[in-house]
Structure formats: structure tokens, C-alpha cells
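The values are calculated or read from the model by the stated rules, or taken from the named source; none is laboratory data. Only a predicted model underlies this, so the values are computations on that prediction, with no experimental measurement involved. With ideal geometry, Cβ positions are generated from the backbone for all residues, glycine too; neighbour counts draw on all protein chains shown. We work out accessible area using only protein heavy atoms, side chains counted, and drop any ligands, DNA or RNA first. Shrake-Rupley method; radii C 1.70, N 1.55, O 1.52, S 1.80 Å.
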Amino acid sequence: FFTGRLSTVIGLRKDELFNRNEVNGTSDSVTADPLFKRRREWNDFQLSRWTFADQDYTMTKGFTLGWSDTSPVRVYYNESESFVNQSGLVMLGLTERDESFPPRKGEGRDMGVRFRLMDDRIQGSIGHFKTEDIGARHFLHGAFGNSTRFAAVDVLGLSPADWRGWQDTVDLSSEGYEVEITANPTPNWRLHFNYARTNLETSNHGPTAKNLVLGQFFPEWRTWVDGWRLGAGETGVDNTSPAVNVSQLGRPLTRTEAHGSGIDPRYTYGDRGDFPTVTGALGLADWISRASWAGDIWFQDGMAPRRHRSDSFNLVSNYTFARESRFDGWTVGVGARWRGGAVLDRFFEQDGSLTEVIGNSRMDTDLTLGYTRRLEKFTFKAQLNVRNLLNTETVEVVNVAGNADERGHLLWHDPRNVRLTLDFIF
């Protein structure tokens, strides 16, 4: 009964991860040639032995089902698991890192219908998908990580070379649907359309870093802030609270090291709103406030990550002129690629509500024009491709500073690009 109606697939895969690190480092130097080529000098470079890191089994399952072996409509369902190695340094302390970054694990499901209608003149699919990605490598938001770094370097005297970056993990959950249709309205005309909508949410941001910073660093650092003493050259009334020695300094913080100078102290931990204006030096209390403020925004569960675009569609049309027409040998094609606006930033309104900043959508168009002529001894082909036909704005904002104390990012798209190719086939 199921012959021609049901097809299934199942797979089992085992992955093993091994790590090794460099024993002797390398140095880079830039040669003084016109191309400014970078040359790597190998200084007796060696690698350690491979060490076992992790292993896992992943499965793939799926099926398609129709009501007959010639059914024009079939339903499908697929499940898959993933186990992916990642490189990076997990933070274990202010200067300590674990070079065995954990693998990323996930699972995905998709289901829908595929169809072939009107003697296969219309083909396509409509599907729904859902994925869970656990422990994806992630650079923490700059205002959170950098504020902690500046506190350690500027206030606590840590060497900048000891700070090796803020990398941690984040969980990603996506759900959406996709429609894809290919049609041949006439024997010479072909259309292709694709539309996708994806809702992407993040959760469990930087669990290791949050545990260190919010659970260990900040509680101790606040006791240092409370236990400051007037330093050399500082005037005024000394702190009456008990002095607390900073382990890295061997003494209490000075008043400037603890509270900075010229800061508008509107922010206290747990408040929401614009970050205070900085008019002077930052103290440890200010770096704590700044990092906490960034964490309030960017550690929100259920929010889309920066640069995520929810919607996109593509439309392509190609036409080949019939042999009996005066345009025999010619083909023409046009295409449109639309992308919805990306998530640029988040900020707190004065009432404490969280707002997302969405960028502009973008439409790119393309043109192709071809000609083929078969001669007695060879075939001549000419193809003209024009990318970004309407020369859409080439600079796109994909990330803004906002009140997140982070640099903005721009994406440069190629301007109109015209390419002509000529082929002679003997």
C-alpha cells in the first residue's frame, strides 16, 4: 500500500571533538611593499597533542507522504540534531580563560507540503520550521564587557594585555515559514518566487560571564567602592565607612577611583532610562553602573539579536524568445531581492519600557540579457549581467551606537556592477 506513497529517511551520526593549542606563539610583521602584504613569521611554532573534548550522537529523521505514487501534493516532515565545534575563549576570571570552547548543540523541525500542479507548470512548497540552538558562540554587548574591562584596567591596574576578550554563549530560538513557487506561464517564460519570515529570539545570554560579573565581581567591587579613602592630592572630608583594601592594589580605592569626577549620578542599579552624561573621569562605581545598565538591556530574553531581519523575498523572471520570432536567440531576465529592516539597537524609554530600533528595508534589482547564435563552425554566446540595476544606496546602517555606548556599524553594498561575457564554442 505504501509503495510510491511513503518515503522515509533516518540517520545516526557520531561526532568527536579534539582540541590542541599552540606551544610557541607567532608574530606578525607587515612588509614594506606597495601591497602592504602581511607576513607571518613562525617562531619554532609547535602544537600540543590532541586532547579529547566532547562527543555526541545526532539523528536525522523525516518522511514524505502522498495519496498515490503520482500524487501532485505531498506532505513532508523532518527532524535533525546538530553538534558543532566552536573556537573561542570562555572567561573564567579577569585574566583566566578556558580555551576549550563548548560545542553548540541544537535541533530543528520543518514540515509542510510540496506540490506539482498543471502538468508540472507550477511547482513549489509551503513550509513551517522551528529550531533551537543551544550554546552558540557570542560576543557580549560592548557596553557590558568593555565597562568591566575598563574597570579592571583603569581602576584596578590590570594590564590591558591580560584582557583577552568577552566571549560566551547564547541560546537562539527561531520559528517561521517559507513559501517557494516556480511557474512556467508559457513554454518560454519562467517565474520563481520565494518569501520567508523568521522570528528569532535570544535567551540565556552569557551565563558564565553573568555569573562572574554580576554574581562575583560586582558584589566585591561594591564593597571596595564603599570603603574608599582620600588619595594623594584629594581634598575634602574622608570616608567614614570602614576602609576596604583592594586585592589588586593592596590599598583602598581613592575617592576618584571609586566615584570618578563630573558624573551625573542619575543611574542606580535596577533603574532604567538614558545613561548618565559623562563629563569627567569614570570611577569604579560608574563602570559598574554602566555595565549593569547594558546588561538590563541586552540580557533580556525573548528579543531578536542585532542585525536580524525578519522578512525577505526574491522574485526572478526569465523569458526566452521563440525561434520563429524576430528576437530569436535572445533571452532576458529580471530579478528583485528585498530584505526587511534589521534590528539596529535597543534602548529604554523614560518610562522604563524597552524599544527596538529597526533599520530601513532594502530592495536590489538585477538584469540579465543574453544572445546565442549558432553559426556553421561555431556557436557564439553573449551575456550581459547588471547587478544592482537601480544602483540602490550602497551604504546601509546595520548597527547604531544609540545610548549603548558602542560604535555603529555600516555595511557597504556593491554599486551597480556591469559584466559582459563573450563565448565562442567550436
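Screening the candidates R346, R337, R373 for the property of being assigned to a strand (DSSP E or B), open to solvent by less than 50 Å² (accessible area, probe 1.4 Å) and basic (K, R) yields one hit, R346.
The selection criterion, being under 38 Å from the mean Cα position of the chain (by Cα), within 29 Å of Q300 (Cα to Cα) and either exposed (fewer than 14 other Cβ atoms within 10 Å of the Cβ) or touching a residue at least 40 places away in the same chain (Cβ under 8 Å) (or both), does not hold for A183. Considering segment 390-411, and only residues there that are touching a His at 6+ places or on another chain (Cβ under 6 Å) and modelled with pLDDT under 75, the residue that is surrounded by the most Cβ atoms within 10 Å (Cβ to Cβ) turns out to be N399.
Only a single item in (1) part of a strand (DSSP E or B); (2) on the phi < 0 side of the Ramachandran plot is not met by N146, and it is number (1).
Residues that are surrounded by fewer than 15 Cβ atoms within 10 Å (Cβ to Cβ) and modelled with pLDDT of 85 or more number at least 1 in the following helices (runs of 4 or more DSSP H) confined to segment 189-266: 207-212, 218-226. Selection of segment 300-330 for residues being closer than 30 Å to L369 by Cα, in a loop (DSSP other than H, G, I, E, B) and open to solvent by 70 Å² or more (accessible area, probe 1.4 Å) yields R323, E324, R326, F327, D328.
When segment 109-141 is filtered for residues that are of a type in the set (A, V, I, L, M, F, W, C) and part of a strand (DSSP E or B), the ones remaining, listed by number, are M111, V113, F115, L117, I122, I126, F129, I134, A136, F139. Within segment 116-144, the set of residues being basic (K, R) and either farther than 19 Å from E81 by Cβ or surrounded by fewer than 16 Cβ atoms within 10 Å (Cβ to Cβ) (or both) comprises R116, R121, K130. Whenever a residue of segment 230-254 is farther than 18 Å from A151 by Cβ and in contact (Cβ under 8 Å) with a residue 24 or more places away in the chain, its partners that are loosely packed, with under 14 Cβ neighbours inside 10 Å and charged (D, E, K, R), lying with C-beta atoms within less than 6 angstrom and at least six residues away or across chains, give the pairs L230/D238.
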